[in-house]
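The values are calculated or read from the model by the stated rules, or taken from the named source; none is laboratory data. The structure presented is a predicted model; accordingly, all values stated were derived computationally and were not measured. Cβ atoms come from the backbone with ideal geometry, glycine included; neighbour counts cover every protein chain shown.
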Amino acid sequence: MFDKSIINGKVYINHAFIKTNIYLQDEKIAKISDEIYASKQVIDANHKMIIPGLIDPHTHMALDLKTIHSVDDFASGSISGLYGGVTTIIDFLEPTSCASDLEKSFYSRLNEAKDCHCDYKFHATIKNPTGSLEEYVLKVKELGLTSIKLFTTYSNSNRRTYDADIIELLKLSQIHHILILAHIENDDLIDLNPDFTYQDLPISRPSISETKEALKLASFVKKYGGYLYMVHLSSGETLQKLKEQYSDILNKKFFVESCPQYFNLSNDLLKQENGYLYTMAPPIRRKEELVKLVSLFSDVYTIGTDHCSFMKKEKNHLLLKDIPLGIGGIESSFHLMYHLFNVQAIDKMTLNPASIHHLLGKKGKIEEGYDADLVIYELANSAIEKLHSKCDYSVYQGYPTDEIIKFVLLRGNIIIEDQNNMLIEGQFIKSEDY
């Protein structure tokens, strides 16, 4: 007898929905079958859609900016995510320059995440490295991590990693089978004029700074090898140029992540009286760049949210230098992307992040032996209403959606049922040898 069965559902398997039943045992998917078997608990999906639990590969919970913290900690951020169907997040360690500091950063972050209610993993984050890069990479692997994020900008806060070290990290990524993540903006093209207002954000961080730097890093990948993952691509112009010049490595060795905000928000919003609420880095772009990004959706490999929420009062400043950059988005991401792209969005939020971030075998698919992370939703015309974040606003309030999430299961446990929650403790996912 199985622990649970989910019957009469339309189950997303191999890129399509099929009518079948799912049987769960010991937090795993034990059997997928058209047959009816005995189980202790039966969920009748009643022809609703069932997809794998969503994976958000880019969140910033409890982000410490020294003068301010992002409002969502791991507890509130994960709850908000679960209501949006997100059962796994990948967050970031505090930036470090050497292997010994990396280990301290890891255990500190692990302690911060102990209240997380979904499963979680971390990206290491490197800044202006001072020690042996290979020692750093080996420490990443020892800690059970599989990726290192770097910045090509933020030299003003000593977070930038320079080209010679980027090239070495790329070479090491090939030797040691890790992934290099990059926040890609050209530092020389960013203008931090202290008199800029929030309306000047597109001038401060122009699209060309992203496009030029992305093409340079793609050239490094092509010349030196390795595996690079571009976080939060913001402009359709950048993606079009990458496709034109580097189609041979695009999403094979140079992977592209984008975020819901860049498909839904244009920089005209910065001209509004409350335009400060729409500030982030990289910024939202011109309408033309948004439209182009939408048209190139098939060339985006994964969708992350860059969830980094702040309260209205914390963002309500005229001068750009006084505004913390970032918005919330984890709970709205599936609603927004499914409305725009329907089933085309699913793999980019499940299978693909699982594949690139070493989660396949556990997460990202509905398959026997996988964790029973499942989202059950029904098709309906609806709208994004008040969310479950600690943040006191959402830029997506009132945006249309095409579905309503009815159940969310994490490792076979019903966590969300018709907007009620039964929370459990999330688990840290330590990667095995790879």
Flag for Glu273 being acidic (Asp, Glu) and in a helix (DSSP H, G or I): no
Contacts under 6 angstrom Cβ, first residue in the stretch 5-16 being more than 14 Å from Glu35 (Cα to Cα), partner among the aromatic types (Phe, Trp, Tyr) and assigned to a strand (DSSP E or B), 6 or more apart: Lys10/Phe17
Residue that is modelled with the lowest pLDDT [pool: residues in the stretch 250-284 that are under 21 Å from Lys321 (Cβ atoms) and of a type in the set (D, E, K, R)]: Glu273
Any chance Ser309 is in the same structural domain as His339 (by TED's automatic domain parsing), farther than 30 Å from Cys391 by Cβ and among the small types (Gly, Ala, Ser): no
Unique residue being touching a helix residue (DSSP H, G or I) at 6+ places or on another chain (Cβ under 9 Å) and not polar (S, T, N, Q) when the list is His60, His47, His69: His60
Residue in the stretch 291-306 that is acidic (Asp, Glu) and within 27 Å of Ser76 (Cβ to Cβ) present: yes
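Okay, residues lined up against (1) closer than 21 Å to Ser266 by Cα; (2) of a type outside the set (D, E, K, R); (3) surrounded by 15 or more Cβ atoms within 10 Å (Cβ to Cβ):
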{"position": "Asn156", "(1), (2), (3)": "no, yes, no"}
{"position": "Leu192", "(1), (2), (3)": "no, yes, no"}
{"position": "Asp200", "(1), (2), (3)": "yes, no, yes"}
{"position": "Val231", "(1), (2), (3)": "yes, yes, yes"}
{"position": "Leu239", "(1), (2), (3)": "yes, yes, yes"}
Given (1) at pLDDT below 95; (2) charged (D, E, K, R); (3) farther than 30 Å from Arg205 by Cβ, index of the condition Arg411 fails: (1)
Flag for Thr96 being farther than 22 Å from His58 by Cβ and β-branched (Val, Ile, Thr): no
